[in-house]
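The values are calculated or read from the model by the stated rules, or taken from the named source; none is laboratory data. Just so it is clear, the structure is predicted and the values come from calculations on it, not from any experiment. Positions of Cβ are backbone-derived with ideal geometry, glycine not excepted, and every protein chain shown enters the neighbour counts. To get the accessible areas, we keep the full protein, side chains included, count just its heavy atoms, and leave off ligands, DNA and RNA. Shrake-Rupley method; radii C 1.70, N 1.55, O 1.52, S 1.80 Å.
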Amino acid sequence: MDIEAIMGQVLSGLSVGMVLFLIASGLSVIFGTLKILNLAHGTIYMIGGFLCYWITSTFAHIPAIFWLALILGPIATALLGGLIEIFLLRRIYAEEMLYQYILTFGLILILGELCKLIWGVGYHTVSVPWPVDGKMSIFGMIYPVYNIFLICCGVAVFIGLMAVMRFTGLGRIIRAVTFNREMANALGINVPMVYTGVFMLGCWLAGLAGTLMPPMSVVALGTDMAVIIDCFIIVVIGGMGSLSGAFIGAIILGLVNAFGISLLPKLTIAFGFLLMIIILIIRHWGLLGKPE
Amino acid sequence: MREIIQEFFKKTLTLRLFWLSTAVILLFILPLFISTAYISLISEMLIMALAGCALNLMMGYTGMVSFGPAGLYAVGAYTTALLLKKTGIPFAATMVAGPIMAGLVGAVVGWFCVRRTAVYFALLTLAFAQIIWTIFFEWYDFTGGDDGTVGFRKPELLLSINSSYYFILLIVIICLILLWIIVNSPFGKTLQAIRENPVRTEFIGVNVKRYQLYAFIISSLFLGAAGSLFAVFSGSVFPDYAHWIKSTDMIVICLLGGMYNFLGPVIGSAVYIFLSKLISGYTMYWMLFLGIIVVFLVLFMRNGIAGFISHKIAPLIQENKETEK
C-alpha cells in the first residue's frame, strides 16, 4: 500500500467517521442525560436523509436548495424528536431499560414503515452541491472536496457542542441535570423541558448527519439498522454519555472500517464488535467515560 | 384447613391442570382436523414458544435483559444443520449436539457477560450475538454464508409435516416441563430472589454471579434446542437467525405474552406469529402494525397478555361469582 492509497483510506475513513460522530454524539448526549438507549436514533438519521432527498428533488429549481435542506431537515427531525419525547418517552423514564429498548424498537418499525409509505422502497441519490463539488489537491494528491467538507462539519460541530456544554448557561443546566436530576429540579430547573430539549438536540444532530450523508452515499430504507449498530460501537468505545469519547470512537471506527475493507474485507464487520466486546470487558465505562 | 385445601384444589390446581391438559390433548389431535399449512404454522409457534420460555428464564426470572438470545439460538440451529450435512452421525445425536454446543458457547459468553450489569450486560450480549452472526455470515466455505446451510438430510420419519409436528410438539413439551421444574426448584427461587434484589441475595450467602451464569447457560441450552428444532423443521438455516432483529422478536414475544408468567411466552409466541401471518396477508405494512402493537404494549400492558388476564380479567370473574353468591 503506497502513501497515496493510505491517505485516501484515512480521508474516506475520517469523513464517514465524522458523519457517524454526528449521529453517535446525539445518541451519547441522550443517553448521558435521559439515561435512555434510543434504538430509533438511526431511523431519525434515515429520515434526515429522506428529507434531504425530498426537499432537493421537489424544489430542484431553487438555487442552492441543498443548503436550505441542510437547515430545514435537521429542524424537522428535531421537531419530530420533540413529539416523540413528549408523547412517548416521557411515560417510561421510570421503567426498566427493557421497556425503553422495546419502545424505541417499536419506533424503528413505525418510522421505518412510514418512510416506506411516503418515499417508497427505491434508492435515491442527491448530487453533490456547489461549491463543495469537484476535487482539490492536498500535498499533491487529489481528493473530493465533499469528504473534506464533511470532516470540517464534524470537527466544527464537535467544537461547537463542547463550547456550548462548557461555557454557556444552557450547557451548565444540561450538565447539572445530567449530574443530578433531583437536585437540579430542586434548584428550580425545569427538568422535563431540559429532557425534551436534549432529546431534540440529539435528533437535530442525527438529522444533520442524515442530510449531509446523501451526496456521498444513497438514501434507502434499512440504512438505519446498519448505522445504529455502528453508533452503539462508537458510544461504547468512547464511553456512554461522553461527547469527546464519541468523537474519538467515531474516528477509531471510521479508520478501522476504511482499512479493514482494503486489508481484511471478511473480518471488517467483526472488528467493530470485537472492539466493543473488549472495551465492555476490560473498561466498560469506555476510553473517555467516567467509571461509576 | 380441609376447606382451604379443597378450595385451593378447586381454584388453582384443578382449573390449571384441566386447561393445560385440554390444550395438550387438543394440540395432539389437531392434525386430524386442520390443513398442513396451519400445522406448520403451529410448529413454528411451538418452536418460538420454547425459545421465548428459554429467554424468559434469563429475562423474566433472573432479571438479566439480554439483547442477544438469537445468537445462541443460531448456534443450536447451525450445529444441527452442519452435523446433518457434513457428517454421518445419527439424527438423535445431532439434535443433542445443538443444545450442548449452544450451552458451551453460552458458558463462554455468559462468563464475560455476568460480570456486567444492566445496559452494559445487554450491550455485551448484543455484541457477542453480532460476532456469531458475522461468523455465520462470512465463513462462506463452511456455513454457506448469506445463502445459508441448506439441503441437509432429514430422517425419513420426519419427512411429512404431521410427523415433524408431533416430533416438535413432543420435544417442546418435554423442554417446557424441564423448564417448569427448574423454575419451581430451589434453584429457580434463588434466581427470582436475584431478580428482586441481587444485593440482598448476595448478603444471604448466594454467589449471585455464579447463579446468573448458570441461568445464562441453561437458557442457552434451551435456546439451542429451539434452534435445532427450527433447523430440522425448516430444512435450512441462515445467518439472520443470529441477527439482533431476531433477538428483538424473541423479547417482544416474551413481553407480549407476559414476562412474569411461566406460560407467557407460549401465549406471546402464538399471538405474535398468528398476527404476523394474518396482518401480512392483508398489507405489506405489517411492521407498522407490529410497531404500534409494541408501543401499545409498553405504554399500557407491561405485563403482557398473561398479566392482563390475571390482573384485570380474573378479578372480574371472581367478583361476578361473589356477587352471585
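Taking the solvent-accessible surface of protein heavy atoms with a 1.4 Å probe, what is the per residue accessible area of the range B:115-230 in Å²? Kindly include the intermediate steps, with their values, before the conclusion.
On the way: 5490 Å² over 116 residues.
About 47 Å² of surface per residue is accessible.
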- Query: Whose amide H sits under 5 Å from the amide H of B:Ser236, counting only residues 5 or more places off or on another chain, with H placed in the peptide plane?
  - Reply: none
- Query: Given charges of +1 on the Cβ of Lys and Arg and -1 on the Cβ of Asp and Glu, with all other atoms neutral, how large is the dipole of the protein assembly as shown about its Cα centre, in debye to the nearest 20?
  - Reply: 1200 debye
- Filter the chymotrypsin sites (Phe, Trp or Tyr not before Pro) in the range B:16-111 down to the DSSP loop ones having no more than 13 other Cβ atoms within 10 Å, then list what survives. B:Phe33
- Whole-Hz ³J(HN,Hα) from phi, Karplus 6.51 cos²θ - 1.76 cosθ + 1.60, for the range A:181-197, glycine and proline x: 4, 5, 5, 4, 4, 5, 7, x, 7, 7, 4, x, 5, 5, 4, 4, x
- Task: Please report, largest first and rounded to whole Å, the three semi-axes of the ellipsoid equivalent to chain B, where each semi-axis is the square root of five times an eigenvalue of the C-alpha gyration tensor.
- Result: 32, 26, 20
- So, in Å, what gap is there between the alpha-carbon centers of the range B:48-70 and the range A:161-212? 35 Å
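Just the number, please: carbon plus sulfur as a percent of the accessible area of the range A:133-292, 1.4 Å probe, no ligands or DNA/RNA counted. Before the final figure, lay out each step's value.
On the way: 5340 of 7330 Å².
That fraction is 73 percent.
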- In short, the range A:261-289 residues buried by 50 Å² or more of accessible area relative to the isolated chain (1.4 Å probe) are A:Lys266, A:Ile269, A:Phe273, A:Ile277, A:Leu280, A:Ile281, A:His284
- Note on the structure: For the protein assembly as shown, the charge dipole (Cβ of Lys, Arg +1; Cβ of Asp, Glu -1; about the Cα centre) points to a positive end, and the Cα of B:Thr80, A:Ile252, A:Gly222 closest to that extreme belongs to B:Thr80
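I need the GluC sites (Glu not before Pro) found in the range A:62-138, filtered to DSSP loop residues with at most 16 other beta carbons within 10 Å of theirs.
On the way: sites: A:Glu85, A:Glu95, A:Glu96, A:Glu113; in loops: A:Glu95, A:Glu96.
Taking the range A:62-138 and a limit of 16 other Cβ atoms within 10 Å, the loop GluC sites (Glu not before Pro) found are A:Glu95, A:Glu96.
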- Item | Size of electric dipole in the range A:83-173: Cβ of Lys, Arg +1 and of Asp, Glu -1, about Cα centre, debye, nearest 20 | 240 debye
- Report B:Leu263's accessible area, 1.4 Å probe, all protein chains in place, as a number in Å² to the nearest 10. 60 Å²
- Sorted by average packing, counted as other Cβ atoms within 10 angstrom per residue and highest first, what order do B:41-53, A:60-72 take? B:41-53, A:60-72
- Using θ = phi - 60° and Karplus 6.51 cos²θ - 1.76 cosθ + 1.60, couplings along the range A:149-157 (whole Hz; Gly, Pro as x): 4, 4, 4, 4, 4, x, 5, 4, 5
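What total accessible area, in Å², is buried where chains B and A meet, using a 1.4 Å probe and rounding to the nearest 100? Provide the component values of the computation, followed by the final result.
Numbers: alone 17530 and 14500 Å², together 27910 Å².
In total, this chain pair buries about 4100 Å².
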- Task: Return, for the Cα atoms of the protein assembly as shown, the radius of gyration and Dmax in Å, separated by a comma.
- Result: 26.1, 96
- Query: Can you work out ³J(HN,Hα) from phi for every residue in the range B:52-63, in order, using Karplus 6.51 cos²θ - 1.76 cosθ + 1.60 and θ = phi - 60°, giving whole Hz and x for Gly and Pro?
  - Reply: x, 5, 5, 5, 5, 4, 7, 7, x, 8, 9, x
- Message: Given the DSSP H assignment, sum -39500 (n - 2.57) over each helix run of at least 4 residues in the protein assembly as shown and divide by its residue total; what's the result at 222 nm in deg cm²/dmol, nearest 500?
- Response: -24500 deg cm²/dmol
